[in-house]
Amino acid sequence: MGRHTPLYSQHARLGARIVPFGGWDMPLHYGSQIEEHHAVRRAAGMFDVSHMRPVDIEGEDAQSFLRRLLANDVAKLQSPGKALYSCMLNPAGGVVDDLIVYARGPNRYRLVVNAGTADKDIAWMREHAQGAALDIRPRDDLAMIAVQGPEARARTEPLLPEDLRAAAMQLQPFFGAEGAHWFVGRTGYTGEDGFEIMLPAEQAPELWQALIDAGVQPCGLGARDTLRLEAGMNLYGQDMDDEIGPLESGLAWTLAWEPADRDFIGREALTKLRQDPERRVFVGLLLTGRGVIRNHQKVLVEGREVGEITSGGFSPTLERSIALARVAPGIGDTCEVEIRGKPVAARLVKPPFVRNGKIRIDL
Amino acid sequence: MSDLPSELRYTKTHEWVKDNGDGTLTVGITDHAQEALGDIVFVEAPEAGRALDAEEACAVVESVKAASDIYSPLAGEVIEANATLTDTPDAINTSPYGDGWIFRIAPADMSALDALLDAAAYEKVVEDEA
């Protein structure tokens, strides 16, 4: 049995199908994954993401520490509340984890890391923080609910504490605001507008129920995966991992090369790989033949293996199968995916597939 | 508890079989199976005329989660596949014993039907898996 979030009994009462995920027992769906997916694209859905771990890093060395620890540069966070997506790399240029970091004030940051990697991440941070004047505090006392969709913010607004409501509603995308006990980010993992709300664990069931009463659809990990895939967002452990770094997983945009003298962990290895003309590229695929692409299937061109599917599945919005794949450079515009021994035609496309409810590729 | 019509026969691999009374059988997957698979988004059914062995993998049902093989409950020849599943694969979710049927087969030996599970025996298979 895995760990239970503060909302576990809510999931059980709603009849969720529970599956193990990153050491936790989490809802896969509450009936229909596809209906949950559409609720987020068309109105509002919510996810219990309390298995993810907020980690507060504070102290006079906090900024200089994070500028070495993270491949993106927290010095970009000039305005209070601004958020940044970054990889945390190992010296070989592989990804220890991907995370979001919010600036809360001078030398005050909150990172949110993945569930399955949280313990590894915190050990990694502590190892690299030795001797630095800062405090690393995992916030196991917080629950997290992501409310996502075009109507998410409006339906959440009346449920926010008064000390936070106005500030939360004025947030620009990729900013966060906080009150005495709650933290709200205008962030997410679905390609839709919405909030991610961190709050004291004991208050989470009440907010969850109030969101249900406001017509927000509970959604499980299944819909979370198809939504993020349509949005072209990476999943740690699938699209990148300790061995495969950001340059080969479509995350080059998250690397802050300037200033040139910022010596982040992994920089040297990535500098070499960056100049390698044989470096694999990360692409989106739309299956033009029949079937469903799955993780680890082979990508072929004229029968020759040129790469691998890292995330494949069925897109409920497109009603087609889509995928993210890592392939050799310069393979052209079409390929095949080997599905149960048979090559099925596919086309290379540029993710995202879907953003803000709109299809963003040619079908 | 999922729906288990008593007039049907079943397999350990979660197919149901209906005797059409005209020398043909209709095959689909059980309510329990569709529920476990989740939303079904693609079906690859066998072509008419294909000869099947008993327990041969002959169709694939893909849900949002994963692909699952469908096995022929008994030996015979495929008469017809359910063409409507191409456009509405979710009929397997909404009507597993009706519109969600997968294929019809003319069995080589109709008496082999008696060796399949009845509803009570299948229910026990499901309970033992849980």
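The values are calculated or read from the model by the stated rules, or taken from the named source; none is laboratory data. All of these numbers come straight from a predicted model, not from anything done at the bench. Note: ideal-geometry Cβ built from the backbone for every residue, glycine included; neighbour counts use all protein chains shown. Each accessible area value is taken on the protein alone, full model and side chains, heavy atoms only, with ligands, DNA and RNA left out. Shrake-Rupley method; radii C 1.70, N 1.55, O 1.52, S 1.80 Å.
Summary of computed values
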| quantity | calculated |
| --- | --- |
| Reach of B:Lys124 by Cα under 28 Å, taken over lysines that are not fewer than 8 positions away in the same chain | B:Lys12, B:Lys18, B:Lys65 |
| Per-residue mean of C-beta atoms belonging to partner chains within 10 Å, peptide A:314-322 | 2 |
| Length added when fully stretched, A:His4-A:Arg290, from 0.36 nm per residue minus Cα-Cα | 99.1 nm |
| Approximate spin-label separation A:Gln78-A:Leu159, in nm, with each point projected 7 Å along Cα-to-Cβ | 3.6 nm |
| Length gained when the stretch B:Asp22-B:Asp53 is fully extended (0.36 nm per residue, less Cα-Cα span) | 9.1 nm |
| FRET E, pair B:Ala75, A:Phe21, Förster distance 35 Å, beta-carbon r, rounded to 0.05 | 0.25 |
| Ordering of A:39-50, B:106-117, A:116-127 by packing [mean C-beta count within 10 Å, highest first] | A:39-50, A:116-127, B:106-117 |
| Probe 1.4 Å, protein heavy atoms only - accessible area per residue of chain A in square angstrom | 42 Å² |
| Shielding by partners - mean other protein chain Cβ count within 10 Å, residues of B:35-41 | 5 |
| Apportionment of accessible area to carbon and sulfur, the stretch B:1-102, percent (1.4 Å) | 45 percent |
| Relative compactness, the stretch A:236-363, computed as alpha-carbon Rg over 2.2 N^0.38 Å | 1.14 |
| Peptides B:95-102, A:307-314, B:35-42 ordered by average Cβ neighbours within 10 Å, highest first | A:307-314, B:35-42, B:95-102 |
| For chain B, calculated [θ]222 nm from helices alone, where every DSSP H run of n ≥ 4 adds -39500 (n - 2.57) | -4500 deg cm²/dmol |
| Accessible area (Å², per residue) of the stretch B:9-108, counting only protein heavy atoms and a probe of 1.4 Å | 40 Å² |
| Cα centroid separation - the stretch A:95-154 against the stretch A:159-205, whole Å | 15 Å |
| Cα centroid separation, the stretch B:56-130 to the stretch A:270-318 (Å) | 33 Å |
| Pairs of Cα atoms farther than 39 Å apart, the protein assembly as shown, % | 31 percent |
| Heavy-atom accessible surface that B and A bury in contact, both chains counted, 1.4 Å, Å² to 100 | 1300 Å² |
| Number of partner chain Cβ atoms within 10 Å, mean per residue of B:58-65 | 5 |
| Accessible area of the stretch A:280-359 belonging to carbon and sulfur atoms, whole % at 1.4 Å probe | 48 percent |
